[in-house]
Amino acid sequence: MADRLARTLSADGTVRGLAAVTTELVEEARVRHGTLPTATAALGRALTAGLLLGGLSKADERVSLQFSGDGRGFVSRPQTHLPVRAGKLDVGGAVGRGVLCVMRIPLGETSPYRSIVPLVSGEIGTDVASYLAGSEQIPSVVGVGVFVHADGRVGAAGGYLLQAMPGADAEAVDRLEENVGAAPPPSDLVRQGLDAPAILTRLLAGFPTRVLEEQPLRFQCRCSRERVEAAIVAMGRTELLDVLARERRAEVVCEFCGARYVVEEAALRALVPGS
């Protein structure tokens, strides 16, 4: 099943929903970062949550999530793998207690707008829902999940974000909660063969809705050789000359996608300010 994102809105405009299947892009992220199962689940949930939040954003805005916890690892520690808890990968134990920082960066600007909220569980989905309820004052349900095979490969990944918009009555909110409570985890919905629109149909049973938009998803990083060279220049003349004297070349690894860039001696000398 191809990775896709779908958006829907109830006929009366009081319930909004997004759902995503992210299996392929999470598997690519796993391979690029060399993560073990618990770290894979944490990374995949965060990527899926970021996509869902991005789906709420304006077209000229980027969204970035940073989970900073005191647990025993996250993607900064890709080899993290904890014992299974209650039959599931222990993402909450890996992330631990800390904060979620949501950064929104309008197109053409370099300074992000930051919102920082405490982590409520470290399980990613409930933390993002808490952010939406606290910082944006929108009651939301967020579910994200990743199923990892015994050999470490990603078997299924996906998630959903449902919101009660202004005008939603108590009956609608209760129905949403019942639907979500009766549904299996997002990764199980994907394993059952449901695509993004079908996940929304399942979760919004009883609500007349229509799919507003559906679009393909893929893993993509904004890094480039030009950005790498700009970062090297920003090191300054003294440090660049030191790198040339010791290494005779520079090697840069993108922390977001794992891509490696090697700048050989001649190209590195051309970047030295004043050369």
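Brief remarks follow.
- Pairwise inverse Cα distances across region 142-206, averaged and inverted, put the Kirkwood hydrodynamic radius at 12.7 Å.
- Sulfur and carbon atoms: percent of accessible area, region 153-275 [1.4 Å]: 49 percent
- Based on alpha-carbon atoms, the Kirkwood radius and the radius of gyration of region 172-230 give Rg/Rh equal to 1.24.
- Here is the list for region 89-147: trypsin sites (Lys or Arg not before Pro) lying in DSSP coil, each with at most 14 other C-beta atoms within 10 angstrom of its C-beta, are Arg97.
- Lacking any other cysteine beta-carbon closer than 4.7 Å, the following Cys residues of the chain have no compatible partner: Cys101.
- For Thr238, the solvent-accessible surface with a 1.4 Å probe is about 120 Å², rounded to the nearest 10.
- Taking all protein chains into account, the per residue accessible area for the chain stands at 51 Å² (1.4 Å probe).
- Separation between Cα centres of region 173-203 and region 237-275, rounded to whole Å: 49 Å
- With a cut-off of 11 Å between beta carbons, the residues surrounding Val15 carry a summed charge of 0, where Lys and Arg count +1 and Asp and Glu -1.
- Summing charges over all other residues whose Cβ lies under 15 Å from the Cβ of Arg210, with Lys and Arg as +1 and Asp and Glu as -1, gives -1.
- The loop-placed trypsin sites (Lys or Arg not before Pro) in region 166-268, going by DSSP, that have at most 12 neighbouring Cβ atoms within 10 Å of their Cβ come out as Arg218, Arg222, Arg248.
- A simple spin-label model places the labels of Val180 and Ser68 2.7 nm from each other, with each point 7 Å out along Cα-to-Cβ.
- Here is how the number arises for the chain: DSSP H runs of 4 or more residues each give -39500 (n - 2.57), the sum is divided by the residue count, and the result at 222 nm is -10500 deg cm²/dmol.
- The chain, dipole about Cα centre (Lys/Arg Cβ +1, Asp/Glu Cβ -1), debye to the nearest 20: 600 debye
- Value of relative contact order over region 137-201, rounded to a whole percent, pairs C-alpha under 8 Å and six or more apart: 36 percent
- The chain gives an Rg/Rh value of 1.04, both radii derived from C-alpha positions and Rh following Kirkwood.
- Shown here is the pair-distance distribution of region 110-174: with all Cα-Cα distances grouped in 10 Å bins from zero up to the longest one, the shares run 18, 35, 30, 14, 2 percent.
The values are calculated or read from the model by the stated rules, or taken from the named source; none is laboratory data. Keep in mind that this is a model prediction, so the values were computed, not measured. Note: ideal-geometry Cβ built from the backbone for every residue, glycine included; neighbour counts use all protein chains shown. Quick note on the areas: whole protein, heavy atoms, side chains included, nothing else; ligands and nucleic acids left out. Shrake-Rupley method; radii C 1.70, N 1.55, O 1.52, S 1.80 Å.
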